[in-house]
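In what follows, a single structure is set out as structure tokens and then discussed.
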Amino acid sequence: MSLLPYALARTALFTLDAEAAHDVTLAQLARLQNTPLQCLWAQLRVDAPVTVAGLKFPNRVGLAAGLDKNGRCIDGLGAMGFGFIEVGTVTPRPQPGNPKPRMFRLPERGALINRLGFNNAGLEAFIANVRTSRTFRAGGGVLGLNIGKNATTPVEDAASDYLAGLAGVYPHADYVTVNISSPNTQNLRALQDEAALDALLAALVQRKAALQGEHGRTVPLFVKIAPDLDEAQIRAIAATVRRHGVDGVVATNTTIARDAVAGLAHADETGGLSGPPVLAASNRVIAALRAELGAGVPIIGVGGIASGADARTKIAAGADLVQIYTGLIYQGPALVRQVGQALATV
């Protein structure tokens, strides 16, 4: 059971710039994970196993990609009680991301805006970090690895980056997520257009089949989409996912809409908005996807979960699993257990 009330830690962290607080937290998790001091934040994992995409998840609550881009803190984060953790987004080559400042809190809504831009240490360092993690997966936790393209790679050549990422992470992942929906890499969301997505997924599924034979194991492939899609775009994505036999969809990423936070400090900052303001939009996409996909294709629901009740709305909309990120920043590890308990009986 956690020995450190998160409210105290948050008070100190929120005196820092949002990205500085993020960096300090990850540094401490990386340093203290798998040591006796992990008891400061560790808690029992809710035991409510479910099988999705052929994988046995200890419970339905996961950590969304973006918090641990370099995969440094898998065991430390896993100690908070997650059934699964997704790390990344990783790009083939290291890149610094967008200029700072690039992360902003909107505390009135429990929200964040970020325009980090896939800042990460690159595929080689990422894989090295993943390989050093041990206790989370040894305890039954499921690990997702999230891949993207470098900012300097033209969008018409994006497939080369995704193929390199898939080949690199495949031996080390329980599942792989293809991120084509961040608003913070120029033109990335154009890959959600039907023709571009068709070509990308065709190439990835072909490479996945080769990797499956090479490594003798099957690793499910998910694609992560935006909440800012209209009904026609959702139908087209669903049809493309079905056509290529992609294993699942992560819905959704952050939003570029600002209606829910208009007038607040930082509301006009460029970037993706996360937290409760994206809940309804994310659930709309999940419901529309489920209607198009039917019951056979798993959906991981993410966006705006700040309570167990919020998580239940994701399941009601059609998600099989859920992920949290911004809610964890504001509420701490207690939210992981709250969501796990709320979904234990669905």
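Inside the range 22-52, can you point out the residues that are assigned to a helix (DSSP H, G or I) and either free of Cβ contacts under 8 Å to residues at least 40 places away in the same chain or touching a Phe, Trp or Tyr at 6+ places or on another chain (Cβ under 6 Å) (or both)? It would help to see each step written out before you state the result.
First, the residues of the range 22-52 that are assigned to a helix (DSSP H, G or I): 22-32, 36-40.
Residues satisfying the conditions are D23, V24, T25, A27, Q28, R31, P36, L37, C39, L40.
Residue by residue through the range 224-264, note down the ones that are touching a Pro at 6+ places or on another chain (Cβ under 9 Å), farther than 15 Å from D193 by Cβ and either charged (D, E, K, R) or not in a loop (DSSP other than H, G, I, E, B) (or both).
D247, G248, V249, A251, T255, R258, D259, A260, V261
Residues I300, I315: which one is surrounded by 20 or more Cβ atoms within 10 Å (Cβ to Cβ), modelled with pLDDT of 95 or more and within 30 Å of L204 (Cβ to Cβ)?
The match here is I300.
Looking for whichever is closer than 25 Å to I256 by Cα, in contact with a helix residue (DSSP H, G or I) (Cβ under 8 Å, 6 or more places away or on another chain) and basic (K, R) here; the options are R115, R72, R134, R109. Which one fits?
R109
Just give me the residues in the range 124-167 being modelled with pLDDT of 95 or more and of a type in the set (V, I, T), in sequence order.
I127, V130, T132, T135, V142, I147, T152, T153 - these are the residues of the range 124-167 that are modelled with pLDDT of 95 or more and of a type in the set (V, I, T).
Quick one: in the range 168-197, which of the residues that are in a helix (DSSP H, G or I) and small (G, A, S) is farthest from the chain's Cα centre (by Cα)?
A195
Would it be correct to say that L200 is more than 22 Å from G54 (Cα to Cα), in a strand (DSSP E or B) and under 22 Å from the mean Cα position of the chain (by Cα)?
No.
Please state which one of A281, A295, A306, A287 is out of contact with any strand residue (DSSP E or B) (no Cβ under 6 Å at 6 or more places or on another chain) and either among the acidic types (D, E) or part of a helix (DSSP H, G or I) (or both).
Working: A281 fails: out of contact with any strand residue (DSSP E or B) (no Cβ under 6 Å at 6 or more places or on another chain); A295 fails: either among the acidic types (D, E) or part of a helix (DSSP H, G or I) (or both); A306 fails: either among the acidic types (D, E) or part of a helix (DSSP H, G or I) (or both).
Selected residue: A287, the only one of A281, A295, A306, A287 that is out of contact with any strand residue (DSSP E or B) (no Cβ under 6 Å at 6 or more places or on another chain) and either among the acidic types (D, E) or part of a helix (DSSP H, G or I) (or both).
What pairs come up if the first residue lies in the range 204-217 and is under 24 Å from K149 (Cα atoms) and free of Cβ contacts under 8 Å to residues at least 40 places away in the same chain, the second is among the polar types (S, T, N, Q) and not in a helix (DSSP H, G or I), and their beta carbons are under 7 Å apart, counting only those six or more places apart or on different chains?
Listed by first residue and then by second, the contacts come to Q212/T218.
Can you confirm whether G165 is outside any helix (DSSP H, G or I), out of contact with any His (no Cβ under 9 Å at 6 or more places or on another chain), among the small types (G, A, S) and in contact (Cβ under 8 Å) with a residue 12 or more places away in the chain?
Against the criterion (outside any helix (DSSP H, G or I), out of contact with any His (no Cβ under 9 Å at 6 or more places or on another chain), among the small types (G, A, S) and in contact (Cβ under 8 Å) with a residue 12 or more places away in the chain), G165 does not qualify.
Give me the residue from the range 101-153 that is outside any helix (DSSP H, G or I) and among the polar types (S, T, N, Q) and, out of that set, surrounded by the fewest Cβ atoms within 10 Å (Cβ to Cβ).
T152
Whether any residue in the range 57-70 is over 26 Å from L163 (Cα atoms) and free of Cβ contacts under 8 Å to residues at least 12 places away in the same chain is what I want to check.
no
Among the numbered conditions (1) under 30 Å from D161 (Cα atoms); (2) out of contact with any strand residue (DSSP E or B) (no Cβ under 7 Å at 6 or more places or on another chain); (3) hydrophobic (A, V, I, L, M, F, W, C); (4) surrounded by 20 or more Cβ atoms within 10 Å (Cβ to Cβ), tell me where L26 comes up short.
Condition not satisfied by L26: (4).
Applying the selection to the range 53-78, what residues are under 21 Å from Q28 (Cα atoms), of a type in the set (A, V, I, L, M), touching a Lys or Arg at 6+ places or on another chain (Cβ under 9 Å) and not in a loop (DSSP other than H, G, I, E, B)?
Answer for the range 53-78, where residues must be under 21 Å from Q28 (Cα atoms), of a type in the set (A, V, I, L, M), touching a Lys or Arg at 6+ places or on another chain (Cβ under 9 Å) and not in a loop (DSSP other than H, G, I, E, B): just I74.
Exactly one of these conditions fails for G245: (1) within 19 Å of V52 (Cα to Cα); (2) crowded, with 17+ Cβ neighbours inside 10 Å; (3) among the small types (G, A, S). Give me its number.
Here G245 clears every test but (2).
Among the residues in the range 226-233, are any surrounded by fewer than 19 Cβ atoms within 10 Å (Cβ to Cβ) and under 23 Å from A151 (Cβ atoms)?
Checked the range 226-233: no residue is surrounded by fewer than 19 Cβ atoms within 10 Å (Cβ to Cβ) and under 23 Å from A151 (Cβ atoms).
Within the range 84-100, which residues are under 20 Å from V169 (Cα atoms), part of a loop (DSSP other than H, G, I, E, B) and of a type outside the set (S, T, N, Q)? Break it down into steps so the answer makes sense when it comes.
Residues of the range 84-100 that are under 20 Å from V169 (Cα atoms), as a first pass: 84-95.
From the residues that got through so far, the ones that are part of a loop (DSSP other than H, G, I, E, B) too are 91-94.
Selection gives P92, R93, P94.
The values are calculated or read from the model by the stated rules, or taken from the named source; none is laboratory data. Predicted, not measured: the structure shown is a model, and the values here were computed from it. With ideal geometry, Cβ positions are generated from the backbone for all residues, glycine too; neighbour counts draw on all protein chains shown.
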